[in-house]
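All remarks here apply to the structure that follows.
The values are calculated or read from the model by the stated rules, or taken from the named source; none is laboratory data. From a predicted model like this one, the values you see are computed outputs, not experimental measurements. Quick reminder, even Gly has a Cβ in these numbers, built from the backbone with ideal geometry, and neighbours come from all protein chains shown. Note: areas computed on protein heavy atoms with side chains; ligands, DNA, RNA excluded. Shrake-Rupley method; radii C 1.70, N 1.55, O 1.52, S 1.80 Å.
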Amino acid sequence: MSSPSVPGPPIPGGAAGARAGAPTGPTGGPWRPPPAPPKPAWVIATEPRVPVTPPLRVLGAAIGAGLFSAVLMSHGLGLNLLLFALAAGAAAALAARAGGRRARPWTVLWIVSALVLAAVPAFTDAGWPVFLAVAAALGVASLALHGGTRWAGVLLGPLGVWAHVLPSLFWAAGSARGRSYPARAKVLPVLKAVLVAVVLLVVFGALFASADAAVADLLDGLTPGADLSDLPARLIFFWGGLLVALGAAHTAAAPRRWDRLPVKPARERGRTEWAIPMVALNLLFGGFVAIQAVVLFGGYEAVMSKPGLVPAEYARQGFWQLLWVTVLTLAVVALAQRWAPRRTAADRLLAKSLIGLLCALTLVVVATAYYRMQRYVDAFGLTRLRISVTAVELWLGVVLLLVLVGVLLGARHRLPRAVVLSAVVGVAVFGLIRPDALIAEQNVARFEAGGSIDLDYLRGLSADAVPALDRLPGDRRTCALQEIAAALTPDRDRSWYATSLAQARAAEILRARPVPVDRDACAGFTHPGASTPR
């Protein structure tokens, strides 16, 4: 007696498919790749359109930017960065025009800001403000290519261009392969053959020249008088410049739309739940402001004369704590605006009043922190750290003022771009005022007024400090300028486009009044532990 058959799962394709010998997958049918997982909602919302095929002029502009980078950028920044920005911007502008995009007022403003930031290396020699300016220029240029009005757009737009760099290579290569050129069948093979021949001659010629002096002399007479020792560096600069230009062009043609990033709206809080913490915080800030007013009008020196209070330490520690107060207050204001009650006119008035009052009180905190840092600088002099944190505190004050204006006028939708613009302007001004020059000027002025001077710190500044340090007498001048003069010596023959105005002015001063080579000039002025607190 046969056992009853157990029905199995149906086999797609039936017996015919099995007889055909087709490979079967997990479902038993012919193998095919599994379906792609669905894209996240944020990817679908922000996905860019398919970029149009780049015209030849776009590719030409990108290659020109790469060649410009290879030829000039390896000598230094100076004015080169601004010129390269214009070359890469031309490729992006051509791609945007081909894609049907038009510049809007904010786009023009971001472009102008990026060019101003790119010009900072032409004015200053200090590396730290130059780094800030270059990083900010890249971010603002990316924001100009993407656009954006909401927080998602203005915060993610400055980073979005880097996601376009790799796709831009395939975009450009596909465009070049898909075009028909005059006599393409004859020209392209010749170009490829010439390129391979040049590579082979360079590689093997260099090997033969290093193996035999006679061959090296012969090759020297046959080849142009070009220094090939920096060829690898120039190739790196070429590809770097080309990638930046192509990435900018690809972004301009089809940017990711970060403004469409879905953001879940916050749940509105009740009036009591929201107002109690805000009222308590305002009372605390109001008490602090009242105490500061008593200290200010009652005499700062009288308060500092109390036993156990060291004015310099009081000012320095108080500054850092007040800086954190400012940062945390901005976070509190952002959350308070997100959760504020706004169903009725009374709710909106309450929210506007409490948030506006907190911003106004925090502005007094900013002023207090700034005053304390100035007292500390008067006691110990200006340094890079002190001028940097003071600049940050002042920028936070500007942000608070913008938030206050936005809350009072009901223009919160304009706040994201205004905050980013304030940061851009701050970085540009910070670089153009040449912080090292301000540091040297303030410290030399203190010394001329009878104060002390920290030569061990000042001699490590950049060429921006030379005009102020040149006023020091005798060995103090020699000690302060020795390292700067030694660093400028190899750069005296650099081209004008790779030299900053600060370097040119410093070199002119040092040529008029050379710094003698005296290893003992700093004896008695600098020694371990002699530096003032940083």
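Before moving on, here are some points about what is shown:
- The set of residues in segment 337-351 being free of Cβ contacts under 8 Å to residues at least 60 places away in the same chain and open to solvent by 80 Å² or more (accessible area, probe 1.4 Å) consists of ARG348, LEU349.
- Residue within segment 341-360 that is modelled with pLDDT under 80, within 36 Å of the chain's Cα centre (by Cα), over 18 Å from VAL399 (Cα atoms) and assigned to a helix (DSSP H, G or I) present: no
- Residue ID - surrounded by the most Cβ atoms within 10 Å (Cβ to Cβ), chosen from residues in segment 233-290 that are among the polar types (S, T, N, Q) and more than 20 Å from the chain's Cα centre (by Cα): ASN282
- Selection within segment 140-152 - crowded, with 24+ Cβ neighbours inside 10 Å and in a helix (DSSP H, G or I): VAL140, ALA141, SER142, LEU143, ALA144, LEU145, HIS146
- Counted residues, segment 378-413 - those being modelled with pLDDT under 85 and not in a loop (DSSP other than H, G, I, E, B): 8
- Qualifying residue in segment 319-328 (condition: surrounded by 15 or more Cβ atoms within 10 Å (Cβ to Cβ) and at pLDDT below 75): yes
- Top-ranked residue in segment 438-448 [being out of contact with any Lys or Arg (no Cβ under 7 Å at 6 or more places or on another chain) and crowded, with 23+ Cβ neighbours inside 10 Å; ranked as farthest from THR499 (Cα to Cα)]: ASN443
- Failed item in (1) in a helix (DSSP H, G or I); (2) crowded, with 22+ Cβ neighbours inside 10 Å; (3) within 22 Å of the chain's Cα centre (by Cα), with TRP106 passing the rest: (2)
- Of the residues in segment 419-427, none is among the hydroxyl-bearing types (Ser, Thr, Tyr) and more than 30 Å from SER113 (Cβ to Cβ).
- Between SER74, SER5, the distinction of being outside any helix (DSSP H, G or I) and at pLDDT below 75 belongs to SER5 only.
- Here ARG49 meets the list (1) assigned to a loop (DSSP other than H, G, I, E, B); (2) more than 30 Å from PHE430 (Cβ to Cβ); (3) open to solvent by less than 60 Å² (accessible area, probe 1.4 Å) almost entirely, failing just condition (3).
- Matching residues, segment 463-487, being buried (at least 19 other Cβ atoms within 10 Å of the Cβ), more than 21 Å from ALA523 (Cβ to Cβ) and without any contact (Cβ under 8 Å) to a residue 60 or more places away in the chain: ALA465, VAL466, ALA468
- Checking the stated criteria, ALA95 turns out to be crowded, with 22+ Cβ neighbours inside 10 Å, touching a residue at least 40 places away in the same chain (Cβ under 8 Å) and on the phi < 0 side of the Ramachandran plot.
- Whichever residue in segment 383-397 is crowded, with 17+ Cβ neighbours inside 10 Å and either among the β-branched types (Val, Ile, Thr) or in contact with a Ser or Thr (Cβ under 9 Å, 6 or more places away or on another chain) (or both) and, among such residues, is farthest from THR326 (Cα to Cα): THR383
- In the set GLY431, GLY451, GLY460, only one residue is of a type in the set (Gly, Ala, Ser), within 26 Å of the chain's Cα centre (by Cα) and surrounded by fewer than 18 Cβ atoms within 10 Å (Cβ to Cβ); that residue is GLY460.
- Options VAL425, VAL420: the member that is hydrophobic (A, V, I, L, M, F, W, C), crowded, with 18+ Cβ neighbours inside 10 Å and either in contact with a Gly (Cβ under 7 Å, 6 or more places away or on another chain) or in a helix (DSSP H, G or I) (or both): VAL420
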